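Undergrad: Just dropping this structure here.
What follows is calculated from the coordinates using simple rules that are stated; it is not laboratory data. Everything quoted here is computed from the prediction, not taken from an experiment. Every residue, glycine among them, receives a Cβ derived from its backbone with ideal geometry; neighbour counts consider all protein chains shown.
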Amino acid sequence: MIRTRFTETFGVEHPVVQGGMQWVGRAPLVAAVAEAGALGMLTALTQPTPEALAEEIRRTRELTDRPFGVNLTILPTITPPPYDEYRQAIIESGVRIVETAGSNPAPHLPALHAAGIKVIHKCTSVRHAVKAEQVGVDAVGIDGFECAGHPGEDDIAGLVLIPAAARRLSVPVLASGGFADGRGLAAALALGADGITMGTRFLCTQEAPVHDKVKQAIVAATENDTELILRPLRNTSRVASNRVSREVVERLARGAAFEEVRELVAGARGRTVFETGDLDAGVWTVGTAQGLIDDIPSVRDLVARITADAEDLILKRLPALVDA
Ligand SMILES: Cc1cc2nc3c(=O)[nH]c(=O)nc-3n(C[C@H](O)[C@H](O)[C@H](O)COP(=O)(O)O)c2cc1C
């Protein structure tokens, strides 16, 4: 059993987190992750209203009595969702762990902390990690350039970003971006992290509520098969390479404005991919970790394998390399 400051502080068996995933972080997956002894996150904005989120939290509770969290992604948009009401729904539902991402969590911290909720803020740079600790978060997740979704604009891969952040922080650190197996977990711990957060690997499990064709596409894909869209707009997102994402990259490279790609990148189209398995229906989020994935295990088997392999590496393979 691997114990870290993260497992101790958050009361979770294994130092493994399933990060928020739009359209994917729903009750069946999150409960399976909790039952496997890891920390799953419901994704607040996958639910159309705060009331629907409260209902999804209830549904998850029916499936597990182990701890789980909720991801609250706070993105600056023209018509923002009612973040405060989502936050209130989380608080009133008695959830004890929240993952924030997207922008500074400070406005949400007093209410969350007053309710006894521990906050993990996920960010993509050392400066934002340090800022998050200063404003009082309980742990920091640090997403390297490898990650699915928003890697930021600095393009620093985890191998440098994780230790660079860890050496500046006092709170527990979760490494994310590119982790998919026990080697990754052992490496993250060696780099100074207290655990890992994974998205892509959990997306390709039996319990992930997405069409089987999506999972098979991840198994077939290599680490080269992602695109970074919206780069010229400084709102980079790593998604699967498909007809739509390549079209977005090409249009923007030719100088197109956001209006000319808006319809292509619509979230509703990405949701259609997950629901129908039509892989070219829109852009859908996936990371370079897909190059390390070649099966569709149950969450239970996946978490057991990752932790057992990491323990084996730490206890056997690595010590055997040392000529003491
Ligand atoms: C399908 C999908 C949807 C995601 N949606 C969100 C989201 O809504 N909010 C968020 O903070 N992170 C989101 N992420 C990022 C993950 O929480 C995590 O940070 C990332 O996947 C880590 O990189 P990895 O995919 O290499 O493991 C998403 C990832 C995936 C694969």
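Undergrad: In segment 61-159, what GluC sites (Glu not before Pro) fall in a loop by DSSP, with at most 10 other Cβ atoms inside 10 Å? All intermediate terms of the calculation are to be shown ahead of the outcome.
TA: Working: sites: E62, E85, E92, E99, E133, E146, E153; in loops: E146, E153.
Passing both the DSSP loop test and the Cβ count: no residue.
Undergrad: Quick one: 3J(HN,Hα) in Hz for segment 110-126, Karplus 6.51/-1.76/1.60 with θ = phi - 60°, rounded, Gly and Pro as x.
TA: So the Karplus estimates, Gly and Pro as x, are x, 5, 5, 5, 4, 8, x, 8, 8, 10, 9, 9, 9, 9, 10, 8, 5 Hz.
Undergrad: Okay, next question. Under a plain spin-label model, where a point goes 7 Å from the Cα along Cα-to-Cβ, how far apart in nm are A256 and E51?
TA: 3.9
Undergrad: Which of rounded, prolate, oblate describes the chain, given a ≥ b ≥ c as roots of the alpha-carbon gyration tensor eigenvalues and a/c under 1.5 marking rounded, otherwise prolate only if a/b is larger than b/c? Please report the intermediate quantities before stating the final value.
TA: Values: a/c = 1.33, a/b = 1.14, b/c = 1.17.
In terms of gyration-tensor shape, rounded.
Undergrad: Can you find, among A220, F258, G282, the residue sitting farthest towards the positive end of the charge dipole of segment 212-288, where Lys and Arg contribute +1 and Asp and Glu -1 at Cβ?
TA: Checking the options against the dipole of segment 212-288, the answer is F258.
Undergrad: Another one. Would you mind checking which residues have amide H under 5 Å from Q206's amide H? H placed 1.01 Å from N; only 5 or more apart, or other chain.
TA: Excluding prolines and chain starts, which carry no amide H, the hits are S298, V299.
Undergrad: What dipole magnitude, in Debye to the nearest 20, does the chain give about its Cα centre under +1 on Lys/Arg Cβ and -1 on Asp/Glu Cβ?
TA: Here the chain has a charge dipole of around 480 debye.
Undergrad: Please give the contour-minus-distance gain from R317 to N224: 0.36 nm per residue of separation, less the Cα-Cα distance, rounded to one decimal in nm. If you can, show how the numbers build up before the last one.
TA: Details: separation 93, 0.36 × 93 = 33.48 nm, distance 2.92 nm.
Value of the extension gain: 30.6 nm.
Undergrad: Another question, if that's okay. Please list the non-local residues whose amide H lies under 5 Å from the amide H of L174, H modeled 1.01 Å from N, same-chain partners needing a gap of 5 or more.
TA: Amide H to amide H, under 5 Å and 5 or more residues apart or across chains, L174 pairs with V140, G141, I142, D194.
Undergrad: In nm, what is the difference between 0.36 nm times the number of residues separating R183 and L264 and their Cα-Cα distance?
TA: Numbers: separation 81, 0.36 × 81 = 29.16 nm, distance 3.65 nm.
Gain on extension, R183 to L264, equals 25.5 nm.
Undergrad: Counting Lys and Arg as +1 and Asp and Glu as -1, what is the net charge of the other residues whose Cβ lies under 14 Å from the Cβ of E223?
TA: Net charge in that neighbourhood comes out at -3.
Undergrad: Place a point 7 Å from Cα of A106 in the direction of its Cβ. Which residues in segment 138-155 have their backbone N less than 16 Å from it?
TA: 138
Undergrad: Next question, about the same structure. Relative to a virtual label point 7 Å from the Cα of R305 in the Cα→beta-carbon direction, which members of segment 19-34 show backbone nitrogen distances below 20 Å?
TA: Flagged as within label range: 19, 29-34.
Undergrad: Determine the calculated [θ] at 222 nm for the chain from helices alone, applying -39500 (n - 2.57) to every DSSP H run no shorter than 4 residues and normalising by the residue count; nearest 500 deg cm²/dmol. It would help to have the intermediate numbers written out before the result.
TA: Values: 14 runs with 125 residues, N = 324.
Value at 222 nm, helices only: -11000 deg cm²/dmol.
Undergrad: Rounded to the nearest 0.05, what FRET efficiency is calculated for R234 and V135 with R0 set to 22 Å and r the Cβ-Cβ distance? The partial results should precede the final answer.
TA: Numbers: r = 23 Å, r/R0 = 1.06.
Once rounded, the FRET efficiency stands at 0.40.
Undergrad: Please sort 13-21, 228-236 by packing, taking for each peptide the average over its residues of neighbouring beta carbons within 10 angstrom, highest first. Intermediate values should be presented prior to the final figure.
TA: Values: 13-21: 27.7, 228-236: 16.0.
Top of the packing list down: 13-21, 228-236.
Undergrad: To the nearest 20 Debye, how big is the dipole of segment 212-288 about its Cα centre, given +1 on the beta carbon of each Lys and Arg and -1 on that of each Asp and Glu?
TA: So the magnitude is around 200 debye.
Undergrad: Next up: Search the structure for amide H atoms under 5 Å from the amide H of M198, placed 1.01 Å from N in the peptide plane, and list their residues when 5 or more places away or on another chain.
TA: When sequence neighbours closer than 5 places are left aside, the close amide H contacts are V17, Q18, G19.
Undergrad: To continue, here is another question. For a test of the definition: using alpha carbon positions, the gyration tensor, and the 1.5 limit on a/c, classify segment 153-297 as rounded, prolate or oblate. List each step's numbers first, then the result.
TA: Details: a/c = 2.44, a/b = 1.35, b/c = 1.81.
Judged from the Cα gyration tensor, segment 153-297 comes out oblate (a/c at least 1.5, b/c at or above a/b).
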